[in-house]
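Visitor: Handing you a structure now.
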Amino acid sequence: MKPDVRAHVAQVLLAREVGQRIPTVQELQLSTGAGTGTVVKALRNLQDSGAVTLTARGHQGTIVTGRDVGQLWNAAALGNFRLILPPQGPVEQQGILEVVQAALHDVGVSVVAAFRPGARTRLEDVYQERFHATVTSAGALDRHRENLPGLSGLDLGPGTFYSNGSLVVVEHAGRKPQGRLRVGIDRNSDDHQRLSEAEFGDRDPEYVQCPFVLAPAAVLAGDVDVAVWHSMPTVIPPELAGLRLSPLATAPGRAVVGQISPAVIVTRTLDPGVNALLRQVKPADVARTQSRLLKVAATESYAGSLRLH
């Protein structure tokens, strides 16, 4: 039996949910270009390996009554699961990656992760099939859904992209702005742009391009007076470096936070194999893992500040 015939049949079965009818042997012959015996052997091989359980039901056809999505994925020769995430640093992203890797490892599929700034860029990577899935905020997906049709998101719940209190305003503790307020803004980040404009827009600021992960450094260097920052573990606590962190103070800013705080794992809607795999990821596991990692980060930050004192 040619491996590509087995792989093709496995892909077809991966697209069938439990309870759905599979194509007939004749239909599989046409799509694979293989003979009847080869197709039947491929189906039998997948059943014998435990990848799928098929039940013949007379005129209803052959129905999927059980399947192992990990085995089918590997039998279909689809390789590693390719996930693209925002830049490393925030604990929330670390938690999402940890849960996805563990969930897919449990079904025998390896995850290869890449990191890239800009939700629009990552969504295009999935839309153009360069990656199987990405992670964005719910607000970023909503913002681009119309221009990138056919994408759907697995909502991981409130606070899973930006945990409660993680979005803060960072400014210098001892230096006062001189003249027009200079606000750091990351034009490559939909979320950061919306947050910055909502929080400071009524103060007629001068916006200065600044990658959001570098906001504290930009404030310390005097390149900007203030910026919104997604707080994350740092070697030296920001307060000890001379920075002041405070909650977002405006109603528009807090409204944006409410829209973007949930994380979504975004896939192509018409990619049943990917979506079947991602059903192994449970939002409750993400929330639980993030909570644990945030507690560890808070403890380490506190211990670090004590050592520096």
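Visitor: Identify the single condition in (1) in a strand (DSSP E or B); (2) more than 16 Å from residue 273 (Cα to Cα); (3) not aliphatic (A, V, I, L, M) that residue 66 does not satisfy, given that it satisfies every other one.
Guide: Status for residue 66: all satisfied but (2).
Visitor: Residues of region 28-42 being touching a residue at least 24 places away in the same chain (Cβ under 8 Å) and buried (at least 21 other Cβ atoms within 10 Å of the Cβ), which ones? Outline the logic, then answer.
Guide: Restricting attention to region 28-42, the residues satisfying the condition of being touching a residue at least 24 places away in the same chain (Cβ under 8 Å) are 32, 34, 38-39, 41-42.
Answer for region 28-42, where residues must be touching a residue at least 24 places away in the same chain (Cβ under 8 Å) and buried (at least 21 other Cβ atoms within 10 Å of the Cβ): 34, 39, 42.
Visitor: For region 222-270, which fully contained strands (runs of 3 or more DSSP E) count at least 3 residues that are in the same structural domain as residue 182 (by TED's automatic domain parsing)?
Guide: Of the strands (runs of 3 or more DSSP E) lying wholly inside region 222-270, those with at least 3 residues that are in the same structural domain as residue 182 (by TED's automatic domain parsing) span 226-230, 243-247.
Visitor: Next question, about the same structure. Hey, any hits in region 163-181 for a residue that's assigned to a helix (DSSP H, G or I), outside the structural domain of residue 121 (by TED's automatic domain parsing), free of Cβ contacts under 8 Å to residues at least 60 places away in the same chain and more than 30 Å from the chain's Cα centre (by Cα)? Lay out the reasoning, then the answer.
Guide: Kept after step one, since they are assigned to a helix (DSSP H, G or I), are these residues of region 163-181: none.
Taking every residue of region 163-181 in turn, none turns out to be assigned to a helix (DSSP H, G or I), outside the structural domain of residue 121 (by TED's automatic domain parsing), free of Cβ contacts under 8 Å to residues at least 60 places away in the same chain and more than 30 Å from the chain's Cα centre (by Cα).
Visitor: Which numbered condition in (1) closer than 18 Å to residue 278 by Cβ; (2) of a type in the set (A, V, I, L, M, F, W, C); (3) touching a strand residue (DSSP E or B) at 6+ places or on another chain (Cβ under 9 Å); (4) not in a helix (DSSP H, G or I) is the only one that residue 104 fails?
Guide: Failed condition: (4).
Visitor: Considering only residues that are part of a helix (DSSP H, G or I), touching a Ser or Thr at 6+ places or on another chain (Cβ under 9 Å) and under 23 Å from residue 89 (Cβ atoms), which ones fall in region 201-221?
Guide: 212, 216
Visitor: Going by the conditions given, is residue 181 modelled with pLDDT of 95 or more, under 26 Å from residue 252 (Cα atoms) and not small (Gly, Ala, Ser)? Write out each step before concluding.
Guide: Numbers: modelled with pLDDT of 95 or more: yes; under 26 Å from residue 252 (Cα atoms): yes; not small (Gly, Ala, Ser): yes.
Judged against the criteria, residue 181 is a match.
Visitor: Looking only at region 43-50, decide whether some residue is part of a loop (DSSP other than H, G, I, E, B) and closer than 28 Å to residue 133 by Cβ. Reasoning before the result, please.
Guide: Filtering region 43-50 for residues part of a loop (DSSP other than H, G, I, E, B) gives 49-50.
Retained after the next criterion (residues that are closer than 28 Å to residue 133 by Cβ): 49-50.
There is at least one residue in region 43-50 that is part of a loop (DSSP other than H, G, I, E, B) and closer than 28 Å to residue 133 by Cβ.
Visitor: Further, regarding this structure: State yes or no: is residue 239 acidic (Asp, Glu), free of Cβ contacts under 8 Å to residues at least 60 places away in the same chain, more than 24 Å from residue 151 (Cα to Cα) and surrounded by fewer than 19 Cβ atoms within 10 Å (Cβ to Cβ)? Walk me through it before giving the result.
Guide: Working: acidic (Asp, Glu): yes; free of Cβ contacts under 8 Å to residues at least 60 places away in the same chain: no; more than 24 Å from residue 151 (Cα to Cα): yes; surrounded by fewer than 19 Cβ atoms within 10 Å (Cβ to Cβ): yes.
In short, no.
Visitor: What's the total number of residues in region 271-299 that are over 24 Å from residue 230 (Cα atoms) and part of a helix (DSSP H, G or I)? Quick ask: steps written out before the conclusion?
Guide: Just the residues of region 271-299 that are over 24 Å from residue 230 (Cα atoms), to begin with: 271-282.
Narrowing the set further to residues that are part of a helix (DSSP H, G or I) leaves 272-278.
Within region 271-299, residues that are over 24 Å from residue 230 (Cα atoms) and part of a helix (DSSP H, G or I) number 7.
Visitor: What single numbered condition from (1) over 22 Å from residue 282 (Cβ atoms); (2) assigned to a loop (DSSP other than H, G, I, E, B); (3) among the hydrophobic types (A, V, I, L, M, F, W, C) fails to hold for residue 131?
Guide: (1)
Visitor: How about region 104-152: which of its residues are surrounded by 18 or more Cβ atoms within 10 Å (Cβ to Cβ) and among the hydroxyl-bearing types (Ser, Thr, Tyr)?
Guide: Answer for region 104-152, where residues must be surrounded by 18 or more Cβ atoms within 10 Å (Cβ to Cβ) and among the hydroxyl-bearing types (Ser, Thr, Tyr): 127, 134, 136, 137.
Table: residues versus (1) in the same structural domain as residue 280 (by TED's automatic domain parsing); (2) acidic (Asp, Glu); (3) under 33 Å from the mean Cα position of the chain (by Cα).
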{"residue": "35", "(1), (2), (3)": "no, no, no"}
{"residue": "38", "(1), (2), (3)": "no, no, no"}
{"residue": "48", "(1), (2), (3)": "no, yes, no"}
{"residue": "51", "(1), (2), (3)": "no, no, yes"}
{"residue": "54", "(1), (2), (3)": "no, no, no"}
{"residue": "58", "(1), (2), (3)": "no, no, no"}
{"residue": "65", "(1), (2), (3)": "no, no, yes"}
{"residue": "70", "(1), (2), (3)": "no, no, yes"}
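Visitor: Restrict the check to region 111-127 and report whether at least one residue is in contact with an Asp or Glu (Cβ under 7 Å, 6 or more places away or on another chain) and assigned to a loop (DSSP other than H, G, I, E, B). If you could, list the steps in order and put the result at the bottom.
Guide: First, the residues of region 111-127 that are in contact with an Asp or Glu (Cβ under 7 Å, 6 or more places away or on another chain): 119-120.
Retained after the next criterion (residues that are assigned to a loop (DSSP other than H, G, I, E, B)): none.
Within region 111-127 (the criterion being in contact with an Asp or Glu (Cβ under 7 Å, 6 or more places away or on another chain) and assigned to a loop (DSSP other than H, G, I, E, B)), the answer is no, since none of the residues qualifies.
Visitor: Continuing with this model, one more query. Here is a list: 83, 97. Which entry is closer than 13 Å to residue 265 by Cβ, among the aliphatic types (A, V, I, L, M), buried (at least 20 other Cβ atoms within 10 Å of the Cβ) and touching a strand residue (DSSP E or B) at 6+ places or on another chain (Cβ under 8 Å)? Steps first, answer last, please.
Guide: Values: 97 fails: buried (at least 20 other Cβ atoms within 10 Å of the Cβ).
Matching residue, one of 83, 97: 83.
Visitor: Follow-up. Could you check region 194-213 and list, in sequence order, the residues that are within 13 Å of residue 117 (Cα to Cα) and either free of Cβ contacts under 8 Å to residues at least 40 places away in the same chain or touching a His at 6+ places or on another chain (Cβ under 7 Å) (or both)?
Guide: As a first pass, look at region 194-213 and keep what is within 13 Å of residue 117 (Cα to Cα): 210-213.
Selection gives 210, 212.
The values are calculated or read from the model by the stated rules, or taken from the named source; none is laboratory data. Bear in mind the structure is a predicted one, so any value in this text is a computation, not a measurement. Please note: Cβ atoms are built from the backbone with ideal geometry, for glycine as well, and neighbour counts cover all protein chains shown.
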